Each structure stands twice: as structure tokens, then as C-alpha cells.
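Scroll down for the structure; my scribbles are underneath it.
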Amino acid sequence: MPLSTTSNEACKMFDATLFQYVTWTNDKTLGGIDGCLSKINAADPDFVMGHVVANGLELIGTGRSPLIDKELANSLKVMADLSKAQPLTEWERLHVAALETFAKGNLPKASDYWERILQDHPLDLLAMKFAHDTYFYLGEQTQMRDSVARILPYWAPSNPLSSYVKGMHSFGLLETNFYDEALKVASEALAINQKDAWSVHTVAHVHEMKADVENGLSFMQKTENNWKGSDMLACHVYWHWALYYIEKGEYEAALTVYDTHIAPFCFTSGSMLDIVDNSSLLLRLQMEGVDVGNRWEKLLQVTKKHTNDHVLIFNDLHFLMSSLGSKDHEMTTQLLESLRELSKSPGDNHEHSLIGHLGLPLCQALVEYDSGNYDKVVELMFPIRYKIPAIGGSNAQRDIFNQVLIRSAINSNTKSCQNLARCLLMERDVLRPKSPLTERLMRKASAVHNLV
């Protein structure tokens with residue numbers, strides 16, 4: 001790909017940044033991604049693609065909103081001004097347009113820009129990865145799979161990072177329920193590079209979705225030394241490890257993984273992926289009847305500053321879990337009120353357009369669940385259950401909402417809700433045969449209402 005700069009150093013550091021982004025690592029010898037971005041700026045402060053990768057990583061991280069973060073908004077303006085002041089290639093201009101669109105919250109249109117780039121430049125790994133991550137945020141699983149499938153034939157094994165492209169394809173296959181094919185493609189990628197944490201992550205998902213706990217645990221233990229150095233994804237892979245323990249009912253083991261790996265990563269990085277993993281794991285344990293101690297209060301120190309970000313509904317729901325878990329009523333109120341305000345005039349912001357019919361009902365359902373108003377939870381969640389994928393995240397991550405609905409139906413004193421619990425449990429049993437967690441829920445439903 002031709003880069004519009006006269007600085008060889010800027011190009012080298014651009015490549016180094018892209019390499020780390022795709023491999024989920026920070027190369028300490030280069031100062032990590034932040035160090036590389038600093039070197040790009042020092043080598044050529046007018047290098048537009050340097051600004052694109054820096055701003056793009058901030059936006060795709062979803063930890064800062066340009067709508068309220070003046071520094072980020074200014075960085076985007078500098079990028080836009082530079083792009084107008086110098087000759088650029090068409091693909092570079094499309095990258096700028098994509099980020100400007102993403103910054104306004106119009107994620108579907110941003111994806112369209114990246115797809116236009118990939119039609120002409122199938123080896124543009126930055127466009128591919130930005131599109132992949134954005135489809136993930138949109139809950140567009142088929143697009144996430146097909147976006148990579150369209151360019152896969154251009155990626156010969158000799159191409160640098162080709163195995164990671166396979167890994168991205170494997171994840172799209174997984175999320176569209178092609179489990180065997182996903183496992184095959186991920187295994188092919190790992191045969192090339194056993195440190196490919198994204199392909200490891202696909203395998204972890206397959207075992208999770210099939211409730212194949214023992215093989216999942218065995219895989220984690222055998223491969224830990226390969227992927228734990230991928231510091232941007234390791235927390236999430238450990239999260240999957242802890243899910244296997246929760247599935248088995250081994251709660252102390254899950255808490256040990258949380259305390260040893262998951263929480264420390266979160267408090268060090270402050271990344272959104274780590275924050276949502278911490279929030280959902282604590283809620284899953286709490287729903288299983290585990291006393292999580294003061295862990296919610298510690299997590300709140302990381303989540304509270306994001307109360308008014310509202311970049312993704314998915315993030316907001318996990319911030320709400322932390323405020324409910326720590327009994328911070330002020331944060332809960334502020335989060336809900338600011339969401340209501342944004343829902344009144346979403347404009348072109350895709351995420352804000354979801355608030356009224358999806359975000360607020362789900363938020364309110366979590367509030368009602370926390371208060372023990374189980375009939376109300378069912379009333380709020382059941383009509384929208386098939387729309388929930390639109391909030392983004394993976395099937396495994398969104399399963400927490402399935403569990404909230406099922407547990408609420410079980411705990412309800414209303415006959416119709418109890419019948420719904422039976423139906424939902426049977427459905428879950430078909431999707432995840434021999435799941436220990438489903439079996440526990442069935443026993444509870446039987447003990448409480450003689451349902452299953």
C-alpha cells in the first residue's frame with residue numbers, strides 16, 4: 001500500500017503499530033503501540049495515515065467519546081484538516097471519511113467506507129480490522145464473517161499476518177454457528193502461529209458454546225504460555241477460562257482466575273473489553289449465589305468515569321452492572337437519565353438510535369432484576385430477546401442476558417412466567433446439550449415450581 005509520506009521511519013512505525021493491533025500485543029522493545037504512535041508523529045507530524053491509525057485505535061477502543069472528549073475531537077479535526085491540505089490516495093481519503101463517520105456514531109456507514117477500500121485493496125489490513133471490529137460492535141455477525149471471506153483468497157500463506165486473517169475468519173464462522181468449520185480454520189491458523197490469540201479465542205468460544213467444559217479447560221491449560229503475552233486479549237481469554245469453571249459450578253476456581261488475572265488486567269489497562277469482562281463475570285457469579293465481596297466497589301473505580309460516554313449500548317449495560325453491584329444509586333440514576341436524554345434526538349448516531357427500544361428496556365430489566373422484580377424483567381426482556389444481538393458483542397458475552405431472563409422467569413410467582421422458564425430451559429438444553437449450568441437451572445425450576 002502506498003503511504004503519502006516522505007518519512008521511511010513513519011512508515012516503519014505505522015507497520016509496527018498495525019502489527020501490534022492485529023496480534024493484540026504491545027511490543028516493549030518498540031514502546032508498545034503508544035510508543036510507535038509517538039515515533040510516527042515525531043518522524044512526520046503531517047502523515048495523515050499516522051493520524052488515521054492513532055485516532056482509529058482510540059475510536060475502535062470505545063473508551064473515549066469525541067462528543068464529550070475535547071482532546072479526541074481536536075485530534076480528529078487535525079486529521080481532517082491535514083487530509084484537505086495535501087494530495088492523498090483515494091484509499092487514504094476513504095480512511096479519513098470512515099473515521100469522521102465513526103466519530104459521529106454512524107458505525108454502519110463507517111463500515112461501508114472500509115468495505116469500499118477492501119474492494120480495491122483486499123490487502124489493506126487496517127481497513128479489514130477496523131471493519132471486523134465495527135461489525136462486532138454492531139452485532140452484524142454475518143457481515144463480520146463475509147467481510148473476511150471476500151478477501152481471504154488474496155492472502156497467500158507467504159503474506160505477513162495471513163494466519164491472523166484466518167483467525168478473524170474463524171471467529172466470523174463461530175459467531176454464525178459454523179462451529180466445526182470455525183474450529184478447523186482456527187486450528188489451521190494456530191498450526192502456522194501458535195501465539196495467535198484471536199484464533200485461541202475462537203477455540204475457547206467453540207467449547208463455551210457447546211458447553212464442552214473439559215476440552216475447554218484442557219485447551220486453556222495446554223496453550224496458556226502461547227497466548228498470555230497478548231496483553232490486549234489475554235484478560236478476555238482468561239475470562240473464558242473462568243466461564244468454564246462457572247459452568248461446572250466451581251466458583252472458587254472462577255474467583256481465583258478473576259483475582260489473579262482478570263481484575264489485574266482491567267485495573268492496569270482500563271480497556272473496555274477488560275471492563276465488560278469484569279462486570280459480566282461478577283454478575284454471573286452473583287447470579288449463581290456467590291458472594292463476590294468488595295469486588296464491585298473496586299471495579300466501580302474504573303467504570304464510574306465512563307458514565308456519560310455512551311459510545312456503545314453494550315458498554316453502558318456493563319457499566320450499569322457495576323453501579324448496581326456496588327449499590328451506587330447516584331451513578332445508576334445518572335446513567336439512565338443521560339441515556340433517556342440522548343434517546344430523544346439520536347440523529348445519525350446509530351448507538352443512540354438503539355437506546356429507546358433496546359438500550360433502556362435492557363437497562364431497566366437489570367435494575368428490576370437487582371430489585372427482585374422478576375415479572376417486570378420478563379415483561380421488559382422477552383419481547384426484545386431476538387433483537388438483543390444488535391447491541392453487539394459475541395454470543396457468549398450476550399448469554400448473560402439470556403441467563404437474566406431465564407432466572408427471572410424461574411423466580412417469578414406468575415404461572416405464565418413459570419411456563420416460559422420451562423420453554424426457555426428446553427430451548428437452551430437443545431442448543432447446549434449436557435450443559436451443567438442448564439442442568440442446575442432445570443433442577444432449580446423443578447424444585448421451586450416442579451416445572452421441568
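Suppose all protein chains stay in the model; what accessible area per residue would a 1.4 Å probe give for region 1-43, in Å²? If you can, show how the numbers build up before the last one.
On the way: 2220 Å² over 43 residues.
Each residue of region 1-43 exposes 52 Å² on average to a 1.4 Å probe.
What length, rounded to one decimal in nm, is gained on full extension from residue 224 through to residue 77, with 0.36 nm per residue of separation minus their alpha-carbon distance?
On the way: separation 147, 0.36 × 147 = 52.92 nm, distance 4.21 nm.
48.7 nm is the gain from fully extending residue 224 to residue 77.
By the gyration tensor of its Cα atoms, with a ≥ b ≥ c the square roots of the eigenvalues, what is the shape of region 186-285: rounded for a/c under 1.5, prolate for a/b over b/c, or oblate?
Oblate is the answer for region 186-285, as a/c is 1.5 or above yet b/c matches or exceeds a/b.
With point charges of +1 on the Cβ of Lys and Arg and -1 on the Cβ of Asp and Glu, referenced to the Cα centre of region 369-435, which listed residue (396, 382, 414) lies farthest in the positive direction of the dipole?
396
Rank 95, 345, 37 by how far each Cα sits towards the positive end of the charge dipole of the chain (+1 on Lys, Arg Cβ; -1 on Asp, Glu Cβ) and give me just the farthest.
The residue sitting most towards the positive pole is 345.
Considering the Cα trace of region 301-413, what is its radius of gyration and what is Dmax, both in angstroms?
13.4, 42
Against the longest principal axis of the chain, how steep is helix 272-287, in degrees 0 to 90 to the nearest 10, with axes from Cα atoms?
Tilt of helix 272-287: around 10 degrees.
So if I place +1 on the C-beta of Lys and Arg and -1 on the C-beta of Asp and Glu, and nothing else carries charge, what would the dipole magnitude of the chain be about its Cα centre? I want it in debye, nearest 20.
For this selection, approximately 820 debye.
So how far, in whole Å, is the C-alpha centre of region 103-131 from the one of region 210-281?
Here the two parts' Cα centres lie 30 Å apart.
Determine which lysines satisfy two conditions relative to residue 304: a Cα distance under 16 Å, and not lying fewer than 8 residues away in the same chain.
Filter leaves 327.
Would you mind checking the pairs 39/222; 39/195; 84/129; 129/344; 109/195 and listing those with alpha carbons more than 28 angstrom apart?
On the way: 39/222 37 Å; 39/195 26 Å; 84/129 25 Å; 129/344 32 Å; 109/195 33 Å.
Over 28 Å Cα-Cα: 39/222; 129/344; 109/195.
So what are the ³J(HN,Hα) numbers for region 359-366, from phi and the Karplus equation (6.51, -1.76, 1.60; θ = phi - 60°), rounded to whole Hz, Gly and Pro as x?
x, 5, x, 5, 4, 5, 5, 5
Please give the FRET efficiency for residue 142 paired with residue 46, using the beta carbon to beta carbon distance and R0 = 41 Å, rounded to the nearest 0.05. Could you put the intermediate results ahead of the total?
Values: r = 39 Å, r/R0 = 0.96.
After rounding, the FRET efficiency stands at 0.55.
Under 19 Å Cα-Cα from residue 434, which aspartates and glutamates qualify once same-chain neighbours fewer than 8 residues away are excluded?
Cross-link targets: 180, 208, 212, 214, 247, 250, 288, 399.
Across region 226-238, in residue order, what do the Karplus-derived ³J(HN,Hα) couplings come to in whole Hz, using 6.51 cos²θ - 1.76 cosθ + 1.60 with θ = phi - 60° and x for Gly and Pro?
6, 10, 5, x, 7, 5, 7, 10, 4, 4, 5, 5, 5
Name the residue farthest towards the positive end of the dipole of region 103-186 from the options 144, 169, 131, assuming +1 on Cβ of Lys and Arg, -1 on Cβ of Asp and Glu, about the Cα centre.
So the residue furthest toward the plus end is 131.
For the chain, with all protein chains present and a 1.4 Å probe, just round the carbon and sulfur fraction of the accessible area to a whole percent.
52 percent
Can you work out the accessible area per residue across region 319-448, with the rest of the protein chains kept in place, probe 1.4 Å, in square angstrom? Numbers along the way, then the final one.
Details: 5530 Å² over 130 residues.
Heavy-atom SASA per residue in region 319-448 reads 43 Å².
What ³J(HN,Hα) values, in whole Hz, does the Karplus curve 6.51 cos²θ - 1.76 cosθ + 1.60 give for region 88-96 when θ = phi - 60°, with x put for Gly and Pro?
So the J values, rounded to whole Hz, are 10, 6, 5, 5, 5, 5, 5, 4, 4.
Under 25 °C and 0.890 mPa s, how fast does region 94-194 diffuse according to Stokes-Einstein, given a Kirkwood radius computed over C-alpha pairs? Answer in µm²/s, whole number. Could the numbers behind the result be given before it?
On the way: Rh = 13.7 Å.
Estimated via Stokes-Einstein, D reaches 179 µm²/s.
Within region 296-386, which trypsin sites (Lys or Arg not before Pro) sit in a loop by DSSP and count at most 11 neighbouring Cβ atoms inside 10 Å? Can you show the working numbers first?
Numbers: sites: 298, 304, 305, 327, 340, 344, 376, 385; in loops: 327, 344, 385.
Those satisfying the criteria are 344.
Normalised by the residues of region 157-236, what does the relative contact order come to in percent, with Cα pairs under 8 Å and at least six apart?
Values: 85 pairs, mean separation 20.9, N = 80.
Across region 157-236, relative contact order equals 26 percent.
Based solely on its DSSP helices, what 222 nm [θ] is calculated for the chain when runs of n ≥ 4 H residues each add -39,500 (n - 2.57) and the sum is averaged over all residues, nearest 500 deg cm²/dmol?
Working: 25 runs with 320 residues, N = 452.
Only helices count here, giving -22500 deg cm²/dmol.
May I ask for the Kirkwood hydrodynamic radius of region 1-158, worked out over all distinct Cα pairs and given in angstroms to one decimal? Mind dumping the intermediate values first?
Numbers: mean 1/r = 0.0628 Å⁻¹.
It works out to 15.9 Å.
Which whole-number percent is the relative contact order of the chain (Cα, under 8 Å, 6+ apart)?
Details: 615 pairs, mean separation 55.9, N = 452.
Computed value for the chain: 12 percent relative contact order.
Please give the charge dipole size of region 171-285, origin at the Cα centre, charges +1 on K and R Cβ atoms and -1 on D and E Cβ atoms. Round to the nearest 20 debye. Present the calculation step by step, with values, prior to reporting the outcome.
Values: 7 positive and 16 negative charges, 24 e Å.
Its charge dipole is roughly 120 debye.
Report the equivalent ellipsoid semi-axes for region 112-168 in whole Å, largest first, defined as the square roots of five times the eigenvalues of the gyration tensor built from alpha carbon atoms.
Details: eigenvalues 64, 31, 16 Å².
In descending order, the three semi-axes are 18, 12, 9 Å.
Residue 177 versus residue 308, label points 7 Å from Cα toward the beta carbon: distance in nm?
Label-label distance for residue 177 and residue 308, simple model: 4.3 nm.
What dipole magnitude, in Debye to the nearest 20, does region 64-149 give about its Cα centre under +1 on Lys/Arg Cβ and -1 on Asp/Glu Cβ? Each step should come with its number before you reach the end.
On the way: 10 positive and 13 negative charges, 52 e Å.
About 240 debye.
Can you work out the FRET efficiency for the pair residue 149 and residue 214, with r the C-beta to C-beta distance and R0 = 25 Å, to the nearest 0.05? Working shown, then result.
Working: r = 32 Å, r/R0 = 1.26.
Efficiency for this residue pair is about 0.20.
If every alpha-carbon in region 370-452 counts as one equal scatterer, what log10 I(q)/I(0) does Debye give at q = 0.22 1/Å?
Values, matching the q order: -1.08.
Full-extension gain between residue 70 and residue 268, please, as 0.36 nm times their residue separation minus the C-alpha to C-alpha distance. Intermediate results must be reported in sequence, preceding the final value.
On the way: separation 198, 0.36 × 198 = 71.28 nm, distance 2.40 nm.
Once the chain is fully extended between residue 70 and residue 268, it gains 68.9 nm.
The values are calculated or read from the model by the stated rules, or taken from the named source; none is laboratory data. Since the model is a prediction, treat every value here as computed from it, not as a measurement. Ideal geometry is used to build each Cβ from the backbone, glycine not excepted, and the neighbour counts take in all protein chains shown. In case anyone asks, the SASA skips ligands and DNA or RNA and just uses the protein heavy atoms, side chains included. Shrake-Rupley method; radii C 1.70, N 1.55, O 1.52, S 1.80 Å.
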